[in-house]
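The values are calculated or read from the model by the stated rules, or taken from the named source; none is laboratory data. Predicted model, so just to flag it, every value in this text is computed and none were measured. Cβ: placed from backbone, ideal geometry, glycine included. Neighbour counts: every protein chain shown. To get the accessible areas, we keep the full protein, side chains included, count just its heavy atoms, and leave off ligands, DNA and RNA. Shrake-Rupley method; radii C 1.70, N 1.55, O 1.52, S 1.80 Å.
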Amino acid sequence: MMLSSFKGRLGAAAIAIGAAMMAASPLLADQKDRIQFDVELKGLKAGRLTINGKIEGASYGANGTLETTGLLGALKKLRHDASVAGNFKAGAFTPLSYNQTSERGDKKVDHVIVYQAGTPVSVSRNPPRTPRDLDVDPAKQTGTIDPLTALYAVLRDVDRGEACKLDVKLYDGSKRTQVKLEPAQSKGANVICAGEYRRLEGFSAKDMDEKSRFPFTLTYAPTPDGARLQVIEIATDTIYGKGRLKRR
């Protein structure tokens with residue numbers, strides 16, 4: 001309810017939409033997912049989000065790409081590629097390593113977060129930047145997850161009982177956020193969740209005054225075979241206007 005660590009304006013909007021929800025119930029079997037969403041801002045196609053993920057036994061892994069498309073892509077080329085590997089136990093995702101490459105035109109930035117026992121122990125950026133007083137302390141981020149893990153956790157197919165269960169903290173290397181979902185509401189064969197994405201730490205006073213809470217709505221529908229549920233749409237208010245992820 002993407003993502004926050006997918007840097008840039010489109011990335012921030014997508015994370016506000018997509019990081020919005022992480023299911024926390026156990027899976028009954030291994031799974032592989034190929035997930036594709038169009039990103040819309042103010043009703044116009046602005047980007048594309050693609051995630052390939054898998055859960056095998058006690059491990060998970062995912063790679064994802066967020067890039068501008070359409071008119072926005074012609075005006076400003078942004079692309080963010082990320083990958084993550086970690087442990088999966090009792091329905092919980094615990095990242096071990098997170099890597100991201102962000103491109104804005106000719107500018108390229110690499111980010112790496114390494115975890116130990118659920119705590120970020122190494123956060124690096126190339127080229128490096130001067131630390132800010134606002135940056136949160138990685139050592140105090142035990143139990144947080146990275147944005148790609150959050151996106152994969154919510155956008156993968158789930159059993160009906162797994163939908164709309166969330167209260168999680170995210171850490172993107174400098175900032176801390178929270179996403180919380182309200183109980184599921186059935187609407188015919190679909191399931192709808194209301195929720196909220198909140199900025200917590202690492203943001204400037206200007207950012208917090210501008211907007212610190214982002215309400216969203218998540219809609220699940222049955223998979224083509226009817227066996228599980230899949231997210232078909234996430235809608236939210238962003239600082240750039242109405243945002244939406246629509247399944248392709």
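Some observations on this one:
- Cα gyration tensor shape of the range 72-160, rounded if a/c is under 1.5, else prolate or oblate by comparing a/b with b/c: oblate
- Seen from Asn52, the other residues with C-beta closer than 11 Å to its C-beta sum to a net charge of +3, counting Lys and Arg as +1 and Asp and Glu as -1.
- Here the Karplus relation 6.51 cos²θ - 1.76 cosθ + 1.60, evaluated at θ = phi - 60°, turns the backbone of the range 224-240 into coupling constants of x, 8, x, 7, 9, 10, 9, 6, 10, 6, 10, 10, 8, 8, 10, 6, 9 Hz, with x for every Gly and Pro.
- Projecting the Cα positions of Pro131, Ala92, Thr144 onto the charge dipole of the chain (unit charges on Cβ atoms of Lys, Arg, Asp and Glu, taken about the Cα centre) puts Pro131 furthest along the positive direction.
- Whole-Hz couplings from phi, Karplus 6.51/-1.76/1.60, listed for the range 116-122; x for Gly and Pro: 9, 6, x, 10, x, 10, 8
- For the range 38-55, putting each phi into the Karplus relation 6.51 cos²θ - 1.76 cosθ + 1.60 with θ = phi - 60° gives couplings of 8, 9, 10, 10, 6, x, 10, 5, 10, x, 9, 10, 10, 9, 10, x, 8, 10 Hz, in residue order, rounded to whole numbers and with x for Gly and Pro.
- Counting only Cβ charges, +1 for Lys and Arg and -1 for Asp and Glu, the dipole size of the range 127-248 around its Cα centre is about 260 debye.
- The charge dipole of the chain, taken about the Cα centre with unit charges on the Cβ atoms of Lys, Arg (+1) and Asp, Glu (-1), comes to about 600 debye, rounded to the nearest 20.
- Cross-link reach is defined here as a Cα-Cα straight distance under 17 Å, omitting same-chain residues fewer than 8 places apart; for Lys211 the aspartates and glutamates meeting it are Glu196, Glu201, Asp237.
- Positive dipole terminus of the range 170-248, leading residue within Ala184, Thr223, Gly173 (C-beta point charges): Thr223
- Averaged over its residues, the chain has an accessible area of 46 Å² per residue, based on protein heavy atoms and a 1.4 Å probe.
- Sulfur and carbon atoms: percent of accessible area, the range 79-149 [1.4 Å]: 51
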